[in-house]
Every structure is written in structure tokens, then in C-alpha cells.
Amino acid sequence: MDFSPLTEALASKSYQNIADISLFEQAAAEGVAYEDDWPYSIHLLAHIYVDDINSARFLWKSIPSAIKESQLEVVAVWKIGQKLWMRDYGGVHEAIRGFDWSQEVQCLVAAFSGKALHKEDVSPAAFCLFYNKHPRHCSLSRNE
């Protein structure tokens, strides 16, 4: 499957559009089986980023248990979703800081963390810790 629309959206930091990328809809419409190389972490985080926790929960339930057992990053993203569901915003930031994110996901996680800080008016310390830990992977300025 061609993931270039997803790659382009990530590269251009169009995070709000990732959940709507026709790639996901096309795969579902065509009955394409979810495969090991499916970007589950990004797919889950995209729903979380646009505040669509219900779609994230539905996706989580549809992910095969073999994937959940083998892809720790997927579980780490879902931990963020669980904390949001329970409105445990401090736990959201702990979940973000508590995992060493892959290069593909780091900037999306950082962008979500910054968005969550502004939305929930949480101390920016959590975002600063993440940003300072992974500055070379994110082209965010300190003001973003």
C-alpha cells in the first residue's frame, strides 16, 4: 500500500489532516487487511490529535492482539488515549514522557503535547522535557 500521502502530511506538519487521509478510508472500503506495516501508532495518534477519542477507541479495539503485543509504541499511544478518556491530563503527559518514541512519531507526539498543554493549561514543563530530550527530531521552535 502506498503511504506517501501520510508521509507528506507528516513532513508538512499537517497533523490535523492525518486522521482524514483517504489512505485509511480507502483501506477500510477496499477491505484491505491490516498488516504488520500498517502505521497503527500514527493512525491512533491522529485520532487523538483531533480530539476524536471515540474513533481512537474503535481503532484500538480493532487492532489484532498480535500487533498490540509486538508493537510497544502502539500500546504507548493507546496509554495516552486511555488517560484522555479518563480526563487524567497529568497522566497524559506522563505517558508522553514515559516512552522513547520512534522518529516517525516523535514530532506528532510533540505537536500533540503542545496542543494539549494549551488546551488544558497544564504547566509547560512536560513539553519542555520532551522537546529537550528530542530536539533534533522535531523542527519545532521553542515558541510552537
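The values are calculated or read from the model by the stated rules, or taken from the named source; none is laboratory data. Predicted, not measured: the structure shown is a model, and the values here were computed from it. All Cβ positions, glycine included, derive from the backbone under ideal geometry; neighbour counts span all protein chains shown.
Of everything in the stretch 91-111, what is in contact (Cβ under 8 Å) with a residue 60 or more places away in the chain and among the small types (Gly, Ala, Ser)? Give them in sequence order.
Let us first name the residues in the stretch 91-111 that are in contact (Cβ under 8 Å) with a residue 60 or more places away in the chain, namely 102, 104-105, 107-109, 111.
Listed by number, the residues that qualify are 102, 111.
Which residue is modelled with the lowest pLDDT, if the candidates are limited to the stretch 38-72 and must be over 16 Å from the mean Cα position of the chain (by Cα) and either within 21 Å of residue 8 (Cα to Cα) or among the polar types (S, T, N, Q) (or both)?
Filtering first and then ranking leaves 62.
What about residue 18, is it among the β-branched types (Val, Ile, Thr), surrounded by 18 or more Cβ atoms within 10 Å (Cβ to Cβ) and at pLDDT below 80? Before you say what the answer is, go through the steps one by one.
Details: among the β-branched types (Val, Ile, Thr): yes; surrounded by 18 or more Cβ atoms within 10 Å (Cβ to Cβ): yes; at pLDDT below 80: yes.
Considered against the rule, which asks whether it is among the β-branched types (Val, Ile, Thr), surrounded by 18 or more Cβ atoms within 10 Å (Cβ to Cβ) and at pLDDT below 80, residue 18 comes out as yes.
Collect the residues in the stretch 73-99 that are acidic (Asp, Glu) and modelled with pLDDT under 95, keeping them in residue-number order.
From the stretch 73-99, those acidic (Asp, Glu) are 73, 88, 94; that's our starting set.
88, 94, listed by residue number.
Go through the stretch 35-54 residue by residue and tally those that are part of a helix (DSSP H, G or I), surrounded by fewer than 17 Cβ atoms within 10 Å (Cβ to Cβ) and touching a residue at least 24 places away in the same chain (Cβ under 8 Å).
Kept after step one, since they are part of a helix (DSSP H, G or I), are these residues of the stretch 35-54: 40-49, 53-54.
Among the residues that remain, those that are also surrounded by fewer than 17 Cβ atoms within 10 Å (Cβ to Cβ) are: 53-54.
Restricting the remaining residues to those that are touching a residue at least 24 places away in the same chain (Cβ under 8 Å) gives 53.
Total satisfying the criteria: 1.
Just checking, how many residues over the stretch 1-15 are at pLDDT below 75 and among the hydroxyl-bearing types (Ser, Thr, Tyr)?
1
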